[in-house]
Amino acid sequence: MTADQTPDALVIGAGPAGLMAAEMLAEAGLSVLLTEAKPSVGRKFLMAGKSGLNLTKDEAEAPFLAAFGSAAGPLGTALSEFDPQQVKRWAEDLGQSVFTGSSGRVFPKVMKASPLLRNWLSRLNQKDVTLKTRWRWTGWEGACFRFDTPEGVQTVRPKVTVLALGGASWTRLGSDGAWTALLAEKGAKLSAFAPSNMGITVGWSAHMADVFGSPLKSIALSSGGKTAEGEAVISRAGLEGSLIYQFSAAFRAGAELRIDLFPDRTAQQLQERIDKAGAKTSLTNILRKTLRLDPAKTALFLECARQTPRDTLGSTLKALTIPYTGTAPLDQAISVAGGLCWDSVSDDFELTCAKGVYCAGEMLDWEAPTGGYLITACLATGRAAGLAAARAARSQEP
């Protein structure tokens, strides 16, 4: 079959990973066709920016890599070559000044994704990058990539290709995981997708309705042998927020969840104050007046431990068991665990079952908490895959 288009390089998927790969290929002097199934690019990137675009986490290499768990090894080189400092310089090169919050999280000063994305697309437009939207990849035809497009079926035969197809969460934004069937047909090994950075479900009673949407500030959460401090939010469905998201793997495994409502006090200190209040003081008044718990924490304690004996209140406040029933579904998760297994790609992210095809972003089997890790890894793997693909394309030149 004769291909309709024969660019030097093809990039499928125009999120952060795909855009970065396209830029690396173009900077290497290659002509690039960048395709996107949706009508516009970077949809999940823009959605992430609605609550403040957390680009990266300004911290030392060791703890930064540790956030990626078992994927720290295969991701290590890409992340070291495009680390948080590089991410900050990249954003500033696109005209977006950044600042680092007290937690180390890095944001554009405008707190939005749209100015950065707009400037990035403008820069790509000045290079040899052709963008096609509403182009959905439907598989291979021999050495060609086949697409359904507004103009009908199109085929492309590039020298090299980068796949940046996302995970399987937020389907309406383009991450539907449909690509897994195409790679499975080629012989790639895949790990089933599971929700990550997701909320948990709790069967609240009616009395909790007054605190839906309320934050649980300055708490510590323990689950699966790990403890961390931060904030969570009481939602109609259960609990969510950045602190909850850190424990995604534990929650998927059904590990017990305990919340410390007073991380800065000991159980003995709390119990002494409770005992001084006297036996006639009601539980509600102990929580609200003696311990000065805010309404959200008070409601949570009464929901989960109203029948606690008076002499064990202190220890229960330090380890309140939350009877969650499960996790939010995959399509409501911010990201995913699972995807293309590491033994299906080389060290530079080339598919072992399809020479000249490289992969980047969330389609790879890695999981990281929110807080800048997700976007940084998408950018870093897109950059690494783009550079590797560019080297491969150059090696084909006479």
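Every read-out reported here was derived from the displayed coordinates using simple, explicitly stated rules and does not represent laboratory data. These numbers come from a predicted model, not from an experiment. Ideal geometry is used to build each Cβ from the backbone, glycine not excepted, and the neighbour counts take in all protein chains shown.
Data table
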quantity: Computed [θ] at 222 nm, deg cm²/dmol, the chain (DSSP H ≥ 4; -39,500 (n - 2.57); rounded to nearest 500); calculated: -9000 deg cm²/dmol
quantity: Principal-axis tilt of helix 72-81 within the chain, Cα atoms, nearest 10 degrees; calculated: 70
quantity: Highest-fluctuation residue, 90, 120, 342 considered, GNM on the chain with Cα pairs under 10 Å; calculated: 90
quantity: Contact order normalised by residue count of region 200-327, Cα under 8 Å, 6+ apart, percent; calculated: 33
quantity: Spin-label model distance (nm) - residue 212 vs residue 332, 7 Å beyond Cα toward Cβ; calculated: 1.1
quantity: Rounded tilt (10° steps) of 114-125 against the dominant C-alpha axis of the chain; calculated: 10
quantity: 14 Å Cα-Cα reach of residue 355 towards aspartates and glutamates, excluding residues that sit fewer than 8 places from it in its own chain; calculated: 347
quantity: Within a Gaussian network of the chain (alpha carbon springs, distance under 10 Å), most fluctuating of 279, 22, 388; calculated: 279
quantity: Antiparallel bridges, percent of DSSP beta bridges restricted to the chain (to nearest 5); calculated: 70
quantity: Alpha-carbon centroid distance for the pair region 1-45 / region 343-398, whole angstrom; calculated: 13
quantity: The chain: relative contact order in percent, alpha carbon pairs under 8 Å with at least 6 residues between; calculated: 25
quantity: ³J(HN,Hα), Karplus 6.51/-1.76/1.60, whole Hz, each residue of region 300-309, x for Gly, Pro; calculated: 5, 5, 5, 5, 9, 8, 4, 8, 4, x
quantity: Cα long-axis angle, helix 84-93 against the chain (0 to 90 degrees, to the nearest 10); calculated: 60
quantity: Euclidean distance between Cα centres, region 164-222 to region 261-319, Å; calculated: 33
quantity: Most fluctuating residue given options 127, 289, 318, as computed from a GNM of the chain linking Cα atoms under 10 Å; calculated: 289
